[in-house]
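**Q** Can you keep this structure in mind? I'll have questions shortly.
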Amino acid sequence: MPAQSSKPQDDQNKDSKSRYFNHPALDVSKAFPQATPASNFPPCTSDYYQFADLLTPEEQALRLKVRECVERDVAPIMTKYWEKAEFPFEIVPKLGALNIAGGTIKGYGCPGLSVTANALATAEIARVDASCSTFILVHSSLAMLTISLCGSELQKHKYLPSLAKLDTIACWGLTEPDYGSDASGLRTIATKVEGGWVIEGQKRWIGNSTFADILVIFAKNKDTNQINGFIVKKNAPGLQATKIENKIGLRMVQNGDILLQKVFVPDEDRLPGVNSFQDTSKVLAVSRVMVAWQPIGIVMGVYDMCHRYMQERKQFGAPLAAFQINQQKLVQMLANVQAMFLMGWRLCKLYESGKMTPGQASLGKSWITLRARETVALGRELLGGNGILSDFLVAKAFNDLEPIYTYEGTYDINTLVTGREVTGIASFKPVAKTTRTSRL
């Protein structure tokens, strides 16, 4: 019988590995010096049709200010935080200093931007990092806008100024485990009690929820069976928010599961302007436009990255940009960016003139996200092996687009919203089966 080694098993495993097994990875700039990673973000080269001419001086100045900030402060750290699926709290004061939180809201310390300016700010952040743009969008175009449109004057004065500075952070809780596209069927219940309300239920996929100071929560009024809105404070007894793990996209966004177990909300924190599910439409009309601008920003960044990479990376003795098929793909990407920007810009102008319909917003969001997926897939092809590394942006953008394709209405649901508008026939629910009686 052979004698067993006296060394512990882990020591044997250690001995079997190379002496350099635990060395840290090479910095990507040293490992692949032929092309520049996204931490040093490329200049903007995607405005081929000179859409900047359509912008006011104020809109253009804001666009450039946001672009400079995110290229300087977000680009160098985004890959590290994305890989760890952690949120970079260090950038919050820098985003707050941009004075874009609150978007179109006038007064209460908010910037009162045009819808176009708000959309451009959203796109510029998404151009560098989609997670950071989602953080701002949830906070600003959902939670803050709900308080602005549906809150009392007291609530607006109490909450909006600190939210506008990003001194406090908000989230927006509508989606539930059993109710996503069919959000109007939500089961979270609000029961009237002396001095306030008791809320019981569960929410899922709520961005910012694990660290939000205030949570805008929608629940069904037990007496009226209608949807009401509430402002819930962090650490309220019975409130729990936990991070959803294992996402492949928007990894820096802290999406959470929210449990509300007999959470008491005082009367002064019920939003008086939310008395039915239709009241959420006022908010979603704006946020859906903003969400449509996220993929516009993403493809701008991906195009910029590919444009630089094609000129830096060489194979067969020539830069990749010298090959016909690569030029064809790059031009196809560029054409998509122009079309997407123009649709997004027109949506903003329709909203600003009071003409935008829900179907138009839904068509914009669904079509733009569809084209974005196509565009980023072409970028992934152009970068070859580096197309699967988050260091070169495209792989990260490829994944980040997937949740954007789904949230604020899936592609299919948004097409049905537009389809209902152009045909006059709603087709959201399957036709009930009828039992046919045999004549035999």
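**Q** So if I place +1 on the C-beta of Lys and Arg and -1 on the C-beta of Asp and Glu, and nothing else carries charge, what would the dipole magnitude of the chain be about its Cα centre? I want it in debye, nearest 20.
**A** Values: 49 positive and 42 negative charges, 170 e Å.
Magnitude of the dipole: close to 820 debye.
**Q** Using 1/(1 + (r/R0)^6) with R0 = 56 angstrom and r between the beta carbons of ILE189 and GLN311, what's the FRET efficiency to the nearest 0.05?
**A** Computed FRET efficiency for ILE189 and GLN311 comes out at 0.45.
**Q** Can you tell me the length gained on complete extension of the stretch LEU64 to ILE325, counting 0.36 nm per residue apart and subtracting the Cα distance?
**A** Full extension of this stretch gives 90.7 nm more.
**Q** Calculate how large, on average over all directions, the projected area of the Cα convex hull of region 376-429 is; give the answer in nm² to one decimal.
**A** Details: hull surface 19.2 nm².
It is 4.8 nm².
**Q** Let me ask something additional. When the accessible area of region 130-236 is split by element with a 1.4 Å probe, what percent falls to carbon and sulfur?
**A** So the carbon and sulfur contribution to the accessible surface is 48 percent.
**Q** Based on DSSP loop calls and a cut-off of at most 13 other Cβ atoms within 10 Å, the longest stretch of the chain free of exposed GluC sites (Glu not before Pro) is what?
**A** 246-440
**Q** Picking from ASN414, ASN40, ASN246, which is most flexible by a Gaussian network model of the chain using Cα springs under 10 Å?
**A** Of the options given, ASN246 has the highest mean-square fluctuation.
**Q** A follow-up question, please. I need the shape label for region 101-207. Rule: rounded when a/c is under 1.5, else prolate if a/b > b/c, else oblate, with a, b, c from the alpha carbon gyration tensor.
**A** It comes out oblate by the Cα gyration axes.
**Q** Need the full-extension length gain, GLU402 to GLU352, defined as separation in residues times 0.36 nm minus the C-alpha distance. One decimal, nm.
**A** Fully extending the segment from GLU402 to GLU352 adds 15.1 nm.
**Q** Using the alpha-carbon atoms, what tilt in degrees (0 to 90, nearest 10) does helix 411-423 show relative to the longest principal axis of the chain?
**A** For helix 411-423, the angle is close to 50 degrees.
**Q** Under 10 Å, Cα contacts only: if you run a Gaussian network model on the chain, which one of SER148, SER281, SER366 comes out with the highest mean-square fluctuation?
**A** Evaluated over the chain, the most mobile residue of the options is SER281.
**Q** OK, next. Determine the relative contact order of the chain: mean sequence separation of Cα pairs under 8 Å and six or more apart, normalised by residue count, in whole percent.
**A** Values: 752 pairs, mean separation 71.9, N = 440.
Once normalised by length, the contact order is 16 percent.
**Q** What whole-number distance in Å separates the alpha-carbon centres of region 41-74 and region 110-135?
**A** For region 41-74 versus region 110-135, the Cα centre distance is 11 Å.
**Q** If you average the sequence gap of Cα pairs under 8 Å that are 6 or more apart and divide by the length of region 34-171, what percent do you get for the contact order?
**A** 25
**Q** Report, in deg cm²/dmol and to the nearest 500, the calculated mean residue ellipticity at 222 nm for the chain, where each DSSP H run with n ≥ 4 adds -39500 (n - 2.57) and the sum is divided by the residue count.
**A** Computed ellipticity for the chain at 222 nm equals -14500 deg cm²/dmol.
**Q** Can you classify region 36-150 as rounded, prolate or oblate using the Cα gyration tensor, where a ≥ b ≥ c are the square roots of its eigenvalues, rounded means a/c under 1.5, and otherwise it's prolate if a/b beats b/c and oblate if not?
**A** oblate
**Q** Helix 324-352 sits at what angle to the longest principal axis of the chain, using alpha carbons and giving 0 to 90 degrees rounded to 10?
**A** Long axis of 324-352 versus the principal axis of the chain: about 20 degrees.
**Q** Then there is this: Any aspartates and glutamates with Cα under 20 Å of the LYS355 Cα? List them, leaving off those in the same chain fewer than 8 positions away.
**A** Straight-line reach from LYS355, under 20 Å: ASP279, GLU421.
**Q** Compute the projected area of the convex hull of the Cα atoms of the chain, averaged over all viewing directions, and report it in nm² to one decimal place. Walk me through the numbers before you get to the answer.
**A** Numbers: hull surface 139.6 nm².
Computed as one quarter of the Cα hull surface, the answer is 34.9 nm².
**Q** How high is the FRET efficiency between ILE77 and THR168 when r is their beta carbon distance and R₀ equals 30 Å, given to the nearest 0.05? Spell out each step's value before the answer.
**A** Details: r = 23 Å, r/R0 = 0.77.
With a Förster radius of 30 Å, E is 0.85.
**Q** Let me ask something additional. Taking 0.36 nm per intervening residue step and subtracting the Cα-Cα distance, what contour gain separates TYR411 from LYS30 on full extension? Don't jump to the answer; show the numbers that get you there.
**A** Working: separation 381, 0.36 × 381 = 137.16 nm, distance 4.10 nm.
Gain on stretching TYR411 to LYS30: 133.1 nm.
**Q** Say we join alpha carbon atoms closer than 10 Å with springs in a Gaussian network model of the chain; which of ASP257, ASP178, ASP269 then has the biggest fluctuation?
**A** ASP178
**Q** Is region 217-327 rounded, prolate or oblate when judged by the Cα gyration tensor, a ≥ b ≥ c being the square roots of its eigenvalues, rounded requiring a/c under 1.5 and prolate requiring a/b larger than b/c?
**A** On the way: a/c = 4.95, a/b = 2.62, b/c = 1.89.
Here region 217-327 falls in the prolate category.
**Q** Excluding ligands, DNA and RNA, what is the solvent-accessible area per residue of the chain at a probe of 1.4 Å, expressed in Å²?
**A** 48
The values are calculated or read from the model by the stated rules, or taken from the named source; none is laboratory data. Everything numeric in this text was worked out from a predicted model, so none of it was measured. All Cβ positions, even for glycine, are placed from backbone atoms using ideal geometry, and neighbour counts span all protein chains on display. In case anyone asks, the SASA skips ligands and DNA or RNA and just uses the protein heavy atoms, side chains included. Shrake-Rupley method; radii C 1.70, N 1.55, O 1.52, S 1.80 Å.
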